[in-house]
Every structure is written in C-alpha cells, then in structure tokens.
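The structure under discussion appears below in the form of structure tokens.
Quick note: the coordinates plus some simple rules give every number you see, no bench work behind them. Please read all numbers here as calculations on a predicted model, not as lab measurements. Here the Cβ positions follow ideal geometry from the backbone for every residue, glycine too, while neighbour counts run over all protein chains shown.
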Amino acid sequence: MQEQESRTSSFTTLAAGPDFRHELEIKRSRFITVLRRTDSEEAARALVADLRREFHDARHHCSAFVLGPDRSVQRSSDDGEPSGTAGIPMLEALIRRETASGVTDLSDVSAVVVRYFGGILLGAGGLVRAYSESVSAALELAPLVQRRRLRLCAVRVPHAAAGRLENDLRAAGYAMAETGYEPQATVLRIALPDAPEPLAEATERLAAMTSGTAALEPEGTDWVDAPLPH
C-alpha cells in the first residue's frame, strides 16, 4: 500500500513466520483455524486455496481477512454455511481483537476456519459462536507484533566524526538504521516516528550535537516490526 493512501503510523499484526494453527472441537465438529500474515487480497486468497488442497475432504473452508494499515480492505466468506453464520463472525473477531492497551487495530491478517462436520447440527446461533470463538481463541495464542511506519533520515558526516556522533545519537535514544559509506563521508541513518514533531526535535538535537555542521536528509519511510507495547 502506498504511503499517500494512509497516514496510519502503526497497527497490530501477526509476527512474521509460518501459519499459526489452532483447533477446537464443538459437538463433534472440528474447527481448525489457520492464521496467516498477508498484505494483499491475492495472498489472502492463496491461503484459502492452500487449505482447500490440504483439507480437501472438509465440508467448509470459511474465511475472513483485514488488510492495510487503516484496515480499508475487509472481506469474508461463509463457504456454504448458512449466510452470516461464519465469515462475518470471523471478520468481527479479527476487527474487534483488542491489544493489551485496549486498541483495536489488527490488520494484514487472514483467517480460515476449516470445518469437519461431526453429525450434530449447531443451529445458526451455534455456528456464529463456534466460528467467532475459533478465531478469537487462535488470536489469543498467536504471536503478534506492532507494525510501525518509521521515517528514515540520513546524516552525512566526515568519517572521523561518525563514530562519536553515532554514539551520541544512540545515547539520546534514537534508533539507528543501516549505515552507508561514501568517499568523503559516512552516512548515518536514524529511524523516527513518522510525524512532524519527532523530525523537528531530531533536527534541533542534531544541530546542537554538531554545532550546525550536519543536517537531516529525509529518505522516505519504511514499515518495521516491533514488540507490542505492554
């Protein structure tokens, strides 16, 4: 998603890694929930296709996904279950999932619940509860991270001054990104929250540290994973 499409600077998502799986048995029916981190509709639909192949003998492969920093893309499918009893409850479980700080900002997550029918009808209300609970229970156990958009800024300084300035920046609490090297300068990079205030503050700090001889050069933004705040 391009930067101009959203000014959201952070959201919660699954930690990078393999699919997360969790299973519930409700009145002899098996509900196998699979969560995958996805950043496009194509990737979300690929999860459904993968699980249709893996669980080819299951009766239902219901799905829901939320995409984008501002959660602008939300889709769900009942896949043969009575209308509104599977996909929508699954989607609600995704979008209403709260972090420890009470924020509901989960995104770039796809959920598929594979159901093996156990011979006992659950009724519409029972299905809604089962699919909602399946996704909610998986999310309670799945590894989650905060996805943050940070603004990268370069600082070009003489090679001899780079080590000391980097130490000063770290001591001031700035997160350092990749360092580059040019014939006449070392290029230090710091990662700042993507907002005007931190950029202005860092500009003043750098001017004070270097007696005005160095300046911040914005280089755009990038998304990075960080632990969830407690």
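In plain terms, the chain from R28 to E98 could stretch by 22.2 nm, reckoned as 0.36 nm per residue minus the Cα-Cα distance. Site pair A195 and S9 shows an inter-label distance of 0.4 nm when each label is modelled 7 Å from Cα along Cα→Cβ.
Between A175 and D70, the contour length at 0.36 nm per residue exceeds the alpha carbon distance by 35.3 nm.
Against the set (1) 30, 27, 15; (2) 24, 22, 18; (3) 47, 15, 14, the structure's computed semi-axes √(5λ) of the Cα gyration tensor in Å falls on (3). Between D168 and E140, what is the spin-label point distance in nm, taking each point 7 Å from the Cα along the Cα→C-beta axis? Label at D168, label at E140, 5.2 nm between them.
If Lys and Arg each add +1 and Asp and Glu each add -1, what is the summed charge of the other residues whose beta carbon sits under 13 Å from the beta carbon of L216? Working shown, then result.
Working: positive: R151, R156, R189, R205; negative: E201, E204, E217, E219.
With Lys, Arg at +1 and Asp, Glu at -1, the neighbours total 0.
Going by the alpha-carbon gyration tensor, a ≥ b ≥ c the square roots of its eigenvalues, is region 6-142 rounded (a/c under 1.5) or, if a/c is not under 1.5, prolate (a/b greater than b/c) versus oblate? Judged from the Cα gyration tensor, region 6-142 comes out prolate (a/c at least 1.5, a/b above b/c).
Across region 148-226, the relative contact order, built from alpha-carbon pairs under 8 Å that are at least six residues apart, equals 47 percent.
Converting phi to 3J(HN,Hα) with the Karplus coefficients 6.51, -1.76 and 1.60 and the offset θ = phi - 60°, region 30-45 yields 9, 10, 9, 9, 10, 10, 9, 6, 9, 10, 7, 5, 4, 5, 5, 6 Hz in sequence order, with x at every glycine or proline.
Note on V224/I120: beta-carbon distance plugged into 1/(1 + (r/R0)^6) with R0 of 45 Å gives a FRET efficiency of 0.45.
Could you compute the FRET efficiency for Q184 and A207, with r as their C-beta to C-beta distance and R0 at 22 Å, rounded to 0.05? Mind dumping the intermediate values first?
Values: r = 21 Å, r/R0 = 0.95.
About 0.60, to the nearest 0.05.
Projecting the Cα positions of A15, A124, G163 onto the charge dipole of the chain (unit charges on Cβ atoms of Lys, Arg, Asp and Glu, taken about the Cα centre) puts A124 furthest along the positive direction.
For helix 159-171, what angle does its Cα long axis make with the longest principal axis of the chain, in degrees from 0 to 90 and rounded to 10? Here the helix axis deviates by roughly 50 degrees. In percent, rounded to a whole number, the relative contact order of the chain is 22, using alpha-carbon pairs under 8 Å and six or more apart. Computed 3J(HN,Hα) for region 66-72, one whole-Hz value per residue from the Karplus formula 6.51 cos²θ - 1.76 cosθ + 1.60 where θ = phi - 60°, is 10, 10, x, x, 9, 6, 6, glycine and proline marked x. Remark: region 148-226 carries a charge dipole of roughly 140 debye about the Cα centre, counting +1 on each Lys and Arg Cβ and -1 on each Asp and Glu Cβ.
Taking neighbour counts of Cβ atoms within 10 Å as a proxy for exposure, in what order, fewest first, do R59, R45 appear? Listed from fewest to most nearby Cβ atoms, that is R59, R45.
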